[in-house]
Amino acid sequence: GGSANPGGGAGGQDDGKLVMGFAQVGAESGWRTANTKSVQESATAAGVELKFSDAQQKQENQLKAIRSFIQQKVDVIAFSPVVETGWDAVLLEAKRANIPVILTDRAVDSEDDTLYETFLGSDFVEEGKKAGQWLVDNTQGAVNVVELQGTTGAAPAIDRKEGFESVIAARPDIKIVATQSGDFTRAGGKQVMEAFLKSNPDIDVVYAHNDDMGLGAIEAIKAAGKKPGTDIKIITVDAVKDGMTALANGEINFIVECNPLLGPQLMELAKKVVAGEEVPKRVVTEETTFTQEQAKAALPERKY
Ligand code: GZL
């Protein structure tokens with residue numbers, strides 16, 4: 001806290017409404033659209049005026065949006081950095097403009113953690129470890145894994161890889177025989193999986209950093225005449241509805257949940273930050289994992 005903007009910035013409406021500038025990554029996946037919905041609905045519920053931008057997964061668009069929020073003198077800026085690097089300059093500009101910044105979902109690699117008030121989001125290394133642990137517990141002997149990485153340079157891609165590798169290291173016969181970014185999209189996952197299937201004769205498992213790339217891989221696996229979930233096992237991260245449906249019908253084998261519903265906590269944190277109250281530097285979101293049986297039971301009440 002500390003660098004907050006007591007009494008709201010000049011940008012605050014005279015009706016005392018807190019004005020938040022939110023620079024979203026894009027609309028690349030089911031997770032992202034659920035996250036956007038949560039932020040927008042929570043802003044309405046909290047009486048926060050939301051200025052929202054969609055960067056189409058381009059860092060330069062996020063940088064432009066943040067600079068525009070600074071120009072508009074919003075009370076608080078929140079964003080999910082599409083990649084970890086390249087934010088120090090714009091964060092310094094926000095600090096100099098006395099506008100507090102909240103990181104949501106993804107992290108930045110800035111050394112100077114006074115550049116943001118708090119980071120609200122999942123522990124992606126933990127998510128990768130959960131995925132690796134399922135593989136260690138549910139396979140024996142030699143296992144050939146192909147990995148569909150998220151967006152190059154993005155915190156979830158870097159950390160989910162790190163966590164997964166740290167756990168499968170216990171089983172030297174589990175090998176990642178191919179790894180490439182599918183950019184968190186279905187199209188990307190399908191395209192990369194088609195290439196993997198051509199260049200790797202015996203793939204046992206796909207580890208996809210999100211459901212959407214896993215769903216794209218399923219299309220490629222079927223087109224190659226193989227049975228997803230049986231001939232080639234699939235582990236993904238997110239647990240959005242389409243992923244959970246594929247898990248329930250046996251095309252995916254295990255999903256590590258990544259909770260996109262950050263809106264309510266974000267609005268609470270924003271109000272505290274603008275009021276100059278102390279907030280924790282790190283708020284880790286609650287989330288779990290799902291087997292095929294658990295997906296069947298959970299699907300009816302899933303919110304996203
Ligand atoms: C993770 C989030 C990732 C999701 C993907 O918190 O940043 O980005 O796992 C999304 O589905 O595209």
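The values are calculated or read from the model by the stated rules, or taken from the named source; none is laboratory data. These figures come from a predicted structure and were not determined experimentally. Reconstructed Cβ throughout: ideal geometry from the backbone, glycine too, with neighbour counts over all protein chains shown. Note: areas computed on protein heavy atoms with side chains; ligands, DNA, RNA excluded. Shrake-Rupley method; radii C 1.70, N 1.55, O 1.52, S 1.80 Å.
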Search the stretch 250-268 for residues that are touching a residue at least 40 places away in the same chain (Cβ under 8 Å) and within 15 Å of the ligand (Cβ to nearest atom) and pair each with any residue that is open to solvent by 30 Å² or more (accessible area, probe 1.4 Å) and among the small types (Gly, Ala, Ser) when their beta-carbon atoms are under 9 Å apart and the residues are at least 6 apart or on different chains. Gly263/Ala45
Being within 16 Å of the ligand (Cβ to nearest atom) and either in contact with a Cys (Cβ under 7 Å, 6 or more places away or on another chain) or without any contact (Cβ under 8 Å) to a residue 40 or more places away in the chain (or both) is the filter here, so list the residues in the stretch 81-107 that pass it. Trp87, Leu103
Residues of the stretch 120-130 being away from the ligand (no atom under 12 Å from the Cβ) and open to solvent by less than 60 Å² (accessible area, probe 1.4 Å), which ones? Val125, Lys130
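Each row is one residue, and each column tells you yes or no for (1) within 16 Å of the ligand (Cβ to nearest atom); (2) among the hydroxyl-bearing types (Ser, Thr, Tyr); (3) outside any helix (DSSP H, G or I); (4) open to solvent by 10 Å² or more (accessible area, probe 1.4 Å).
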{"residue": "Gly214", "(1), (2), (3), (4)": "yes, no, no, no"}
{"residue": "Glu219", "(1), (2), (3), (4)": "no, no, no, yes"}
{"residue": "Leu247", "(1), (2), (3), (4)": "yes, no, no, no"}
{"residue": "Ala270", "(1), (2), (3), (4)": "no, no, no, no"}
{"residue": "Pro280", "(1), (2), (3), (4)": "no, no, yes, yes"}
{"residue": "Lys296", "(1), (2), (3), (4)": "no, no, no, yes"}
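Criterion first (open to solvent by 70 Å² or more (accessible area, probe 1.4 Å), in contact (Cβ under 8 Å) with a residue 40 or more places away in the chain and not hydrophobic (A, V, I, L, M, F, W, C)) does Asp202 satisfy it? Before you say what the answer is, go through the steps one by one.
Working: open to solvent by 70 Å² or more (accessible area, probe 1.4 Å): yes; in contact (Cβ under 8 Å) with a residue 40 or more places away in the chain: yes; not hydrophobic (A, V, I, L, M, F, W, C): yes.
Yes, satisfied.
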Here are Ala178, Ala187: which of them is open to solvent by 50 Å² or more (accessible area, probe 1.4 Å), at pLDDT 95 or above and small (Gly, Ala, Ser)? Ala187
Answer yes or no: is there a residue in the stretch 139-148 that is in contact (Cβ under 8 Å) with a residue 24 or more places away in the chain, open to solvent by 10 Å² or more (accessible area, probe 1.4 Å) and within 25 Å of the chain's Cα centre (by Cα). no
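Within the stretch 86-97, take every residue that is within 23 Å of the chain's Cα centre (by Cα) and open to solvent by 10 Å² or more (accessible area, probe 1.4 Å) and give me the one that is nearest to Ala157 (Cα to Cα).
So in the stretch 86-97, the residues within 23 Å of the chain's Cα centre (by Cα) come out as 86-88, 90-91.
Those left that are additionally open to solvent by 10 Å² or more (accessible area, probe 1.4 Å): 86, 88.
Values: Gly86: 17, Asp88: 21 Å.
Step by step, filter the stretch 86-97, then rank; the result is Gly86.
From the list Asp15, Asp75, Asp113, which one is more than 23 Å from the chain's Cα centre (by Cα), more than 20 Å from Thr152 (Cα to Cα) and in contact (Cβ under 8 Å) with a residue 12 or more places away in the chain? Talk me through it step by step, then tell me what you get.
Working: Asp15 fails: in contact (Cβ under 8 Å) with a residue 12 or more places away in the chain; Asp113 fails: more than 23 Å from the chain's Cα centre (by Cα).
Unique residue meeting the criteria: Asp75.
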Any chance the stretch 130-152 includes a residue that's among the hydrophobic types (A, V, I, L, M, F, W, C) and under 19 Å from Thr36 (Cα atoms)? no
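Under the condition of being part of a loop (DSSP other than H, G, I, E, B) and open to solvent by 30 Å² or more (accessible area, probe 1.4 Å), which residue from the stretch 98-115 is farthest from Val237 (Cα to Cα)?
First, pick out the residues of the stretch 98-115 that are part of a loop (DSSP other than H, G, I, E, B): 98-100, 105-112.
Subset that is open to solvent by 30 Å² or more (accessible area, probe 1.4 Å): 98, 109, 111-112.
On the way: Asn98: 37, Asp109: 22, Glu111: 28, Asp112: 30 Å.
Restricting to residues being part of a loop (DSSP other than H, G, I, E, B) and open to solvent by 30 Å² or more (accessible area, probe 1.4 Å), the top hit is Asn98.
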Please go through the stretch 248-304 and pick out each residue that is more than 30 Å from Asp204 (Cα to Cα) and hydrophobic (A, V, I, L, M, F, W, C). Leu261, Leu262, Leu266, Met267, Leu269, Ala270, Val273, Val274, Ala275, Val279, Val283, Val284
Residues in the stretch 153-175 that are over 24 Å from Trp87 (Cα atoms), open to solvent by 50 Å² or more (accessible area, probe 1.4 Å) and not polar (S, T, N, Q) total 6
Kindly provide the set of residues from the stretch 72-85 that are crowded, with 24+ Cβ neighbours inside 10 Å and polar (S, T, N, Q), ordered by number. Ser80
